[in-house]
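Student: Below is the structure I would like to discuss, written out as structure tokens.
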Amino acid sequence: MPAPYASVIIKLLQSHALYDTDDRAHWQQLETHEAAVRAHFAQLGMVLDLNRADGYARLTQPEPADDDPTPPLRLLRRVPLSYEQALLGVVLREWLEEHESSAHAASPHLFATREQLRERVELFFRQQPNQKAFLNKLDAIIERLTEHGFLKMTHKGDLHPDQTRYEVKPLLKAKISLEKLSEFLEKLRNHAESV
Amino acid sequence: MSYPLYRGLFSADRAPAAVRVLRSHEAALVLCFLQENFKAGSYAPVRANDWLAGQLADFLETWDVRGDDDAGDLPTLGLSWAERAARLLRDWVRKGYLTLYTDEQGADQHTLTPELESVLDWVQSLLHKPTFVGTESRFLDILQKLRELVQNSADDWQARLAELEKQRSALDAQIRELKLTKTVRTYEDYEVAERYQTVSGVARGLLRDFREVEGNFRDITQRIYQQQAAAGHTKGGLLGLALDALDELRLTAQGRSFEAFYRHLNDPRQRAELDALVRQVFELLTDRGLETGDEFLRKIRPYLLGEGRKVNDSFYALARKLEKILSEKNLRDRRKSLALIHDIRALAFAVMDNPPTDPAFLELEGRADYLTTESTVALKERESAIVPRVLAVARPEEPELAALVSPRVVDKARLAANISALLRDQSQITLRQVVAAHALRHGVPELMAYGSIAANSPKHLINRQQKDIFDLGDGRWCEFPEVIFCR
């Protein structure tokens, strides 16, 4: 007999994160069986990061200890982000902070149209004469962040693609953590000195 | 400069929205349109932006409403009806006639602001004089409420006992009389109509006030938030604030009254009673042939439930948010991250002309490396297929062509092992480096096998813009896209 929380485990393995608002049923299962789910992943050397305030749960895999004779294989793959992609991530993280700390915002979620996303990030890139290629490039960056689960398309603008709406997921804050921000800054500083 | 309350009415900007709308030259349009779409017919508290804009465009076109140019209106010349409608809605939100918020699905929604609710109700009460003014039932209501108030707040148990005794003897007297006469006195038609009207009015008022309640919660939240943002609090004080925030919100008179109301509404017994009563009332009205011209009360429960839930949700969302922003760790983290982002911004501008080109500038932890049924994954694998053009590099007349289809098997497992051996020391490695370390044994097929390993896993990158030249031996060379294997 599979455990009653088997689906939660599978969901966590299959998705970037489990959200309380997007998948209520599994979220509730997770709340009920949190200890058991944690124990299951602890066996694999993984840690369940359950953030109730932001309403998401995800898996992390800490580096194995140096003296571990048989370190487990990596299950979580590493995602390489280009400079542009990472920069949009940073800009979105800033936006999330703004959104969270504003006492006005009605919705706890942050929504943005593709146009607004582009506006936020385009000023960091030199405008190219080929405006169309430039826009395509920005769209590709947005696309890539969507693949990684930082953005979720909530409304597809078929007639007006620029009005396609995304939700900026709080997961982004966990992924682009303070350490990652420092790392980004460090690398960028090195780059700036080298050119 | 601060104006005494009523003097403020002279100022165009300071007057409350309720007065502003009545004074504006578009009062007729605003009142008529909003009344028709939010209040008349089926009561709808929330309207989607798309829907409302469509209605407004139709309305403008039907009545041929044009911008009043001499009133300094927005220049609307040459705009389509739809554009005008969208512009008007934005304008009304700005002026405080409508609210605009994003719902859970990310769609824009409008509700009336509390001010506009009041104005519309007031105008309606002016235009629709009730056929008669019921005074009796309302006087009895007042009496009843006062009685409840006195009885339920006196703490003298003897007085309470005496009161209950009095009620019992009154009941006994009624029972005796009923047994003797065997006839009941029922409400006259006028009495029924009057009471129906009162209840309907109170229910409408209650729904309208929800908007006010929600707004008040928001104000309280904002006040608490400002308090903490304003002064430099000690660590302990800040923590205390965060803990109190939820309680403070809940313990306000309004919070407690609302919580009690919501409990009543969600009590299955009381819900069933409400439903049964509403049904009976309508049966009674039909039996007596009384025209109400107002079906509002029939749907009172779903309305109350829907609106109540919205207020409740927003209450908890606000409380959660307050807790979150006030938590000390959060404050510290936010400050730190904003400082870092600030520095990143400055540097990003500095390197604008020479941005880093490293395809793996920053590495994050992704999801589990499982194959899922999600379509994105399937799509990606197909997209990054190997460029077949490589085959054309070999000259067709070369007899070595056979090597391409040679029965020798390229052992992918060995190649994968080569890659992971090198990845143990480095986080990423190019195909060039792999080939340098482990020479090609099978020429082009082996290159293609490497390529297919890269194409089959999204963590590896194939950069088609950049071509590498590989030595196949015997003076033959092969051009192949740059491949970067990542850990």
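The values are calculated or read from the model by the stated rules, or taken from the named source; none is laboratory data. Predicted model only: the values in this text are computed from it and were never measured. Reconstructed Cβ throughout: ideal geometry from the backbone, glycine too, with neighbour counts over all protein chains shown. Heads up: the accessible areas ignore ligands, DNA and RNA and are worked out on the full protein's heavy atoms, side chains in. Shrake-Rupley method; radii C 1.70, N 1.55, O 1.52, S 1.80 Å.
Student: Explain nothing, just compute: Karplus ³J(HN,Hα) = 6.51 cos²θ - 1.76 cosθ + 1.60, θ = phi - 60°, for every residue of the range B:449-462 in order, whole Hz, x for Gly and Pro.
Tutor: Rounded to whole hertz, the list is 5, 4, x, 6, 4, 5, 6, 7, 10, x, 7, 8, 10, 10.
Student: Calculated from DSSP H runs of 4 or more alone, at -39500 (n - 2.57) each and per residue, what is the 222 nm mean residue ellipticity of the protein assembly as shown, nearest 500?
Tutor: Helix contribution divided over all residues of the protein assembly as shown: -18500 deg cm²/dmol.
Student: Moving on. May I ask you to list the lysines whose Cα is less than 19 Å away from that of B:LYS412, ignoring any residue fewer than eight positions away on the same chain?
Tutor: The reachable lysines, counting only those whose Cα sits under 19 Å from B:LYS412, are B:LYS459.
Student: Hey, another quick one. Along the Cα-to-C-beta direction of B:LEU143, a point sits 7 Å from the Cα; which residues of the range B:164-202 have their amide N less than 11 Å from that point?
Tutor: No residue passes the distance filter.
Student: Under a straight-distance cross-link criterion of Cα-Cα below 19 Å, which aspartates and glutamates are reachable from B:LYS166, leaving out those fewer than 8 residues away in the same chain?
Tutor: Cα-Cα hits under 19 Å: B:GLU148, B:ASP155, B:ASP156, B:GLU177.
Student: Quick one: accessible surface of A:ILE141, probe radius 1.4 Å, all protein chains present, in square angstrom to the nearest 10.
Tutor: The value for A:ILE141 is about 10 Å².
Student: Run through all the Cα pairs of the range B:75-152 and give the fraction in each 10 Å bin from 0, expressed as whole percent.
Tutor: Reading upward from the zero bin: 14, 22, 25, 18, 14, 5, 1.
Student: Kindly rank B:54-62, A:144-152 from highest to lowest mean number of other beta carbons found within 10 Å of each residue.
Tutor: Those peptides, ordered most packed to least, come out A:144-152, B:54-62.
Student: Something else about it: When Cβ neighbours within 10 Å are restricted to other protein chains, what is their mean count per residue of peptide A:172-180?
Tutor: Rounded to a whole number, the mean comes out at 3.
Student: Let me ask something else about it. How much length, in nm to one decimal, is gained on full extension between B:ASP121 and B:ASN216, taken as 0.36 nm per residue of separation minus their Cα-Cα distance?
Tutor: Once the chain is fully extended between B:ASP121 and B:ASN216, it gains 32.2 nm.
Student: Between B:THR135 and B:ASP155, what is the label-point separation in nm under the 7 Å Cα-to-beta-carbon projection?
Tutor: Those two pseudo-labels are separated by 4.0 nm.
Student: Also: Hey, with R₀ at 60 Å, roughly what FRET efficiency would B:GLN174 and B:PHE10 work out to, going by the Cβ-Cβ distance, to 0.05?
Tutor: E(calc), rounded to 0.05, equals 0.50.
Student: In square nanometres, what is one fourth of the surface area of the convex hull spanned by the alpha carbons of chain A?
Tutor: The Cα convex hull of chain A, projected and averaged over all directions, gives 15.4 nm².
Student: Now a separate question. Going 7 Å from the Cα of A:GLN116 toward and past its Cβ, which residues in the range A:135-168 have a backbone nitrogen under 12 Å from where you end up?
Tutor: Label zone hits: A:163-168.
Student: Starting from the Cα-Cα distance between B:GLU188 and B:ARG288, subtract it from 0.36 nm times their residue separation and give me the gain in nm to one decimal.
Tutor: 35.0 nm is the gain from fully extending B:GLU188 to B:ARG288.
Student: Right, something else. From the Cα gyration tensor of the range A:72-132, with a ≥ b ≥ c the square roots of its eigenvalues, which class applies: rounded if a/c is under 1.5, or else prolate if a/b is larger than b/c, or else oblate?
Tutor: Because a/c hits 1.5 or more and a/b fails to exceed b/c, the range A:72-132 counts as oblate.
Student: Tell me which trypsin sites (Lys or Arg not before Pro) from the range B:145-216 have a DSSP coil assignment and no more than 13 other beta carbons within 10 Å of their own.
Tutor: Filter output for the range B:145-216: B:LYS182, B:ARG185.
Student: For A:LYS152, give me every one of the aspartates and glutamates with a C-alpha distance below 13 angstrom, ignoring sequence neighbours fewer than eight places off in its own chain.
Tutor: A:ASP22, A:GLU143, A:GLU167, B:GLU104
Student: So, with +1 on the Cβ of K and R and -1 on the Cβ of D and E, and no other charges, what is the size of the charge dipole of the protein assembly as shown about its Cα centre, to the nearest 20 debye?
Tutor: Around 740 debye, computed over the protein assembly as shown.
Student: B:LYS129 accessible area, nearest 10 Å², 1.4 Å probe?
Tutor: 150 Å²
Student: Still on this structure, I have one more. Just how much of B:ASP219 is accessible, in Å², when a 1.4 Å probe is used and the result is rounded to the nearest 10?
Tutor: My reading of the accessible area for B:ASP219 is about 90 Å².
Student: What are the ³J(HN,Hα) values, in whole Hz, obtained from phi via the Karplus relation 6.51 cos²θ - 1.76 cosθ + 1.60 with θ = phi - 60°, for each residue of the range A:119-134 in sequence order, with x given for Gly and Pro?
Tutor: Working through the residues one at a time gives 4, 5, 9, 5, 5, 8, 10, 5, 5, 9, x, 7, 4, 5, 4, 4 Hz.
Student: Whole angstrom only: what separates the Cα centroid of the range B:153-172 from the Cα centroid of the range B:258-272?
Tutor: One Cα centre to the other: 28 Å.
Student: Okay, next question. What are the ³J(HN,Hα) values, in whole Hz, obtained from phi via the Karplus relation 6.51 cos²θ - 1.76 cosθ + 1.60 with θ = phi - 60°, for each residue of the range A:175-181 in sequence order, with x given for Gly and Pro?
Tutor: So the J values, rounded to whole Hz, are 6, 8, 7, 4, 5, 5, 4.
Student: Skipping prolines and chain starts, which residues have an amide H placed within reach, meaning under 5 Å, of the one on A:PHE125, given they are 5 or more residues away or on another chain?
Tutor: Amide H neighbours of A:PHE125, under 5 Å, 5+ apart: none.
Student: Are any of the pairs A:LYS137/A:LYS169; A:LYS173/B:LYS336; A:LYS137/A:LYS187; A:LYS11/A:LYS169 more than 19 Å apart by Cα-Cα distance, and if so, which?
Tutor: Check vs 19 Å cut-off fails for A:LYS137/A:LYS169; A:LYS137/A:LYS187.
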